[in-house]
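Engineer: I have a structure here, written as structure tokens, and I will follow up with some questions on it.
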Amino acid sequence: MFSIKKNKTPKDLTLTAREVDFDLQQEMKTNRYWHSDDPVTTHFFNALQSTFPEGERFFIDSTRDVQTKIGKNNLPLDLQQHIDTFIRQEAYHGKHHESWTNALTSLGYGHMEAFSDELKNMRLWARKNIPAEYRLSMTAASEHFTASMAHFFIYRRPDLLRGAAKPFQQLLLYHALEELEHKAVCYDLYQQSKGGYSLRMLGLTVSSIDIMKHVSERHIYLLKKDGLWNLPNRIKALNLIWGKNGIARQLIPYVIAYTKPNFHPWDTDERSMLEASFGDILSSIGPKEVSA
């Protein structure tokens, strides 16, 4: 018997799956180091996003499998609707980031395809061998990580978005917008399942190690491929990730927040601040809304 627990979803929340297009390949051809003419920062984002397509398919699989196990009609109506839109959002995200990775492959970074195949094989193995609730615990933690990244960009390092070339800037903001909209969907579904605190912490640990491992190996590969994995760039990469204002170091408080027993993703709401900080970029995207 599954227990139905109250969630903290804002009453004014609307999830929308947006159909948008970004010409990343053309930008990359003329501007290989599209973030501040800096290969270290550019390749960090190239590496990070390359984990998304299979990651998002993993999220969709785990969400669908737990929803099926509980029974869709046993879930609150608003959560059912949010799950449907979350899946469409993640499917669009996967297509965009797959195109991004394909653009990298076309520029000569051929091993990116092997990295993607590795994640695909891991995803398929996991679906056969790891219970749905365990996979959902990793998914909920990963969704917290992506929402925390959006929070970090808004409040701590807006320069990391402002410094990107326009199509990448737009894609990252579009992705951040939808990540904030659906940041609690998997967590709320997890609350409806039999997963408890210990399993939630296991999901956080596994997903944190996984993302650090895969992003790091891709980041190093991309810089090595360009002949730029030298001492100055190693130091620069270390500072970008772990320096005083580094991405991982700044994210630690948000990761720790997830360990609170009474944590909920909607303890914070970044939607209005995202619009206030980046409304000019968001308005330039001009998405076609395909679902609400």
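Engineer: Compare 238, 177 by solvent-accessible area with a 1.4 Å probe and give them largest first, with all protein chains kept in place.
Structural biologist: 238, 177
Engineer: Taking the chain as a Gaussian network, Cα atoms linked when under 10 Å apart, which of 206, 185, 66 shows the biggest mean-square fluctuation?
Structural biologist: Comparing 206, 185, 66 in the GNM, the peak value goes to 206.
Engineer: Another question, then. Could you order 128, 29 so the one with the most accessible surface comes first? Probe is 1.4 Å.
Structural biologist: Ranked list, largest accessible area first: 128, 29.
Engineer: With every protein chain in place, what's the accessible area of residue 235 (1.4 Å probe, Å², nearest 10)?
Structural biologist: My reading of the accessible area for residue 235 is about 90 Å².
Engineer: Okay, next question. Per residue, how many Å² of accessible area does the range 21-107 show with a 1.4 Å probe?
Structural biologist: Values: 3470 Å² over 87 residues.
Accessible area per residue, the range 21-107: 40 Å².
Engineer: With a 1.4 Å probe and every protein chain kept in, tell me what percent of the accessible surface of the range 95-239 is carbon plus sulfur.
Structural biologist: On the way: 3530 of 6130 Å².
Taking all protein chains in place, the range 95-239 shows 58 percent carbon and sulfur surface.
Engineer: Pick out which of 49, 26, 250 has the largest mean-square fluctuation in a Gaussian network model of the chain, springs linking Cα atoms closer than 10 Å.
Structural biologist: 26
Engineer: Let me make sure I get this right: for the chain, a, b and c are the square roots of the gyration tensor eigenvalues over alpha carbons, sorted descending. Under 1.5 in a/c it's rounded, otherwise prolate if a/b > b/c, else oblate. Which is it?
Structural biologist: prolate
Engineer: Something else now. Rolling a 1.4 angstrom probe over the protein chains, ignoring ligands and nucleic acids, what is the accessible area of residue 275 in square angstrom, nearest 10?
Structural biologist: Roll a 1.4 Å probe over it and residue 275 shows about 100 Å².
Engineer: Taking the Cα centre as origin and putting +1 on Lys and Arg beta-carbons and -1 on Asp and Glu beta-carbons, what dipole magnitude results for the chain, to the nearest 20 debye?
Structural biologist: Charge dipole of the chain: 820 debye, to the nearest 20.
Engineer: Is there a quick way to get the dipole size of the range 187-292? I mean about its Cα centre, with the Cβ of Lys and Arg at +1 and of Asp and Glu at -1; what is the value in debye to the nearest 20?
Structural biologist: Values: 13 positive and 10 negative charges, 128 e Å.
Around 620 debye, computed over the range 187-292.
Engineer: Continuing with this model, one more query. Tell me, what is the per residue accessible area of the range 226-290 in Å², probe radius 1.4 Å?
Structural biologist: 59
Engineer: At a 1.4 Å probe radius, which order do 28, 273 fall into by accessible area, largest first? Provide the component values of the computation, followed by the final result.
Structural biologist: Numbers: 28 5, 273 70 Å².
These residues rank, largest area first, as 273, 28.
Engineer: Can I ask one more? Points 7 angstrom from Cα along the Cβ direction at residue 125 and residue 77: gap in nanometres?
Structural biologist: About 4.4 nm separates the two model spin labels.
Engineer: Would you kindly derive the ³J(HN,Hα) couplings of the range 249-264 from the backbone phi angles with the Karplus curve 6.51 cos²θ - 1.76 cosθ + 1.60 (θ = phi - 60°), listing them in order in whole Hz, with x for Gly and Pro?
Structural biologist: So the Karplus estimates, Gly and Pro as x, are 4, 6, 7, 3, x, 6, 5, 4, 4, 5, 7, 5, x, 9, 4, 8 Hz.
Engineer: Between 34, 100, 266, which gets the highest mean-square fluctuation from a Gaussian network model of the chain, Cα cutoff 10 Å?
Structural biologist: Top of the fluctuation ranking is 266.
The values are calculated or read from the model by the stated rules, or taken from the named source; none is laboratory data. Computed from a prediction, not measured in an experiment: that's the story for all the values here. Neighbour counts run over all protein chains shown; Cβ positions are idealised from the backbone, glycine included. Quick note on the areas: whole protein, heavy atoms, side chains included, nothing else; ligands and nucleic acids left out. Shrake-Rupley method; radii C 1.70, N 1.55, O 1.52, S 1.80 Å.
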